[in-house]
1. Among the residues in region 64-82, are any of a type in the set (Ser, Thr, Tyr), crowded, with 21+ Cβ neighbours inside 10 Å and either touching a residue at least 24 places away in the same chain (Cβ under 8 Å) or more than 22 Å from Pro25 (Cβ to Cβ) (or both)?
2. Are any residues in region 23-41 among the hydroxyl-bearing types (Ser, Thr, Tyr) and either in contact with a Lys or Arg (Cβ under 7 Å, 6 or more places away or on another chain) or within 16 Å of ligand 2 (Cβ to nearest atom) (or both), and if so, which ones?
3. Can you tell me which residue among Leu44, Leu60 is within 13 Å of ligand 2 (Cβ to nearest atom), buried (at least 16 other Cβ atoms within 10 Å of the Cβ) and closer than 17 Å to Asn123 by Cβ?
4. Could you grab me the full set of residues in region 135-153 that are in contact (Cβ under 8 Å) with a residue 12 or more places away in the chain, assigned to a loop (DSSP other than H, G, I, E, B) and either closer than 16 Å to Ile74 by Cα or within 12 Å of ligand 1 (Cβ to nearest atom) (or both)?
5. Can you tell me which residues in region 11-30 are modelled with pLDDT of 95 or more, more than 14 Å from the chain's Cα centre (by Cα) and in a loop (DSSP other than H, G, I, E, B)?
6. Within region 83-105, which residues are surrounded by 16 or more Cβ atoms within 10 Å (Cβ to Cβ) and either on the phi > 0 side of the Ramachandran plot or more than 15 Å from ligand 1 (Cβ to nearest atom) (or both)?
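The values are calculated or read from the model by the stated rules, or taken from the named source; none is laboratory data. The model shown is predicted, which means the values in this text are computed figures rather than measured ones. Every residue, glycine as well, gets a Cβ built from its backbone with ideal geometry; the counts of neighbours run over all protein chains shown.
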Amino acid sequence: MGRVPSPQSPVPHLSLLDIHVLGSPILRQETKPVDRMTDELRRLTDAMFETMHAAKGIGLAAPQVGRSERIAVIDIEDNPIVIVNPEIVVTDGLAKGEEGCLSIPEIFGDVDRATRITVRALNRDGQAFELEATDLLARCLLHEIDHLHGKLFIDYLSFLKRRAALGKWESMKKDFPQNIRKLPPNEIAGRHGEEAL
Ligand code: K1U
Ligand code: ZN
């Protein structure tokens, strides 16, 4: 869980979390709604942001770090967002776009998603808010909300594309014992892919 600074890891990281990859049962389970945001859950969201930035992602959902709470974080262009118990209240439009997943590294696929959505959720402090989103932010919100309901982007691929993706994954999954992805020191970077100091 925690990472001790070392010569190989010169930037002190408070809490990089292990990432669960395809095959880990928690990725297919329904999450539990959060009753109340506690200090522990706030620390979890901080650690999720840190892990997501280290992995060069734009979103991360609790099941991806082995947690069953209905929480996800997103950060696109320096706009960090915490969503707790999110609900999609409006969707509009449809567009195909490429998606990846920190839980299925190096596999990408085109997914049809709504282009304009409104999401209702609680924030890091447990306060209700509504967020209108378009394009990549909408796509990322939908991808993360899917994670909170046990769904993965590969579920939307055609039979042939899914089979190809799973075939590639078969040859890669040996690199993730116990279905866990540990971020190696040379993958640790600052926000948006800046190299570590
Ligand atoms: O939830 C995750 O696994 C994170 C995922 C979010 C996401 C990416 C792309 C479209 C929708 C949702 C990632 O951050 S994958 C890595 C990434 O940064 C990326 C990949 C493809 C396009 C844009 C970004
Ligand atoms: Zn994902």
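1. So in region 64-82, the residues of a type in the set (Ser, Thr, Tyr) come out as 68.
Next cut, crowded, with 21+ Cβ neighbours inside 10 Å only: none.
Scanning region 64-82, I find no residue that is of a type in the set (Ser, Thr, Tyr), crowded, with 21+ Cβ neighbours inside 10 Å and either touching a residue at least 24 places away in the same chain (Cβ under 8 Å) or more than 22 Å from Pro25 (Cβ to Cβ) (or both), so the answer is no.
2. If we filter region 23-41 for residues that are among the hydroxyl-bearing types (Ser, Thr, Tyr), which is where we start, we get 24, 31, 38.
Of everything in region 23-41, those that are among the hydroxyl-bearing types (Ser, Thr, Tyr) and either in contact with a Lys or Arg (Cβ under 7 Å, 6 or more places away or on another chain) or within 16 Å of ligand 2 (Cβ to nearest atom) (or both) turn out to be Ser24, Thr31.
3. Working: Leu44 fails: within 13 Å of ligand 2 (Cβ to nearest atom).
Just one listed residue meets the conditions, Leu60.
4. Initial filter on region 135-153 (in contact (Cβ under 8 Å) with a residue 12 or more places away in the chain): 135-145, 147-150, 152-153.
Applying the additional criterion that residues be assigned to a loop (DSSP other than H, G, I, E, B) yields 148-150, 152.
Across region 135-153, the qualifying residues are Leu148, Leu152.
5. Listed by number, the residues that qualify are Gly23, Ser24, Gln29, Glu30.
6. Once the filter is applied, which keeps residues that are surrounded by 16 or more Cβ atoms within 10 Å (Cβ to Cβ) and either on the phi > 0 side of the Ramachandran plot or more than 15 Å from ligand 1 (Cβ to nearest atom) (or both), region 83-105 yields Val84, Asn85.
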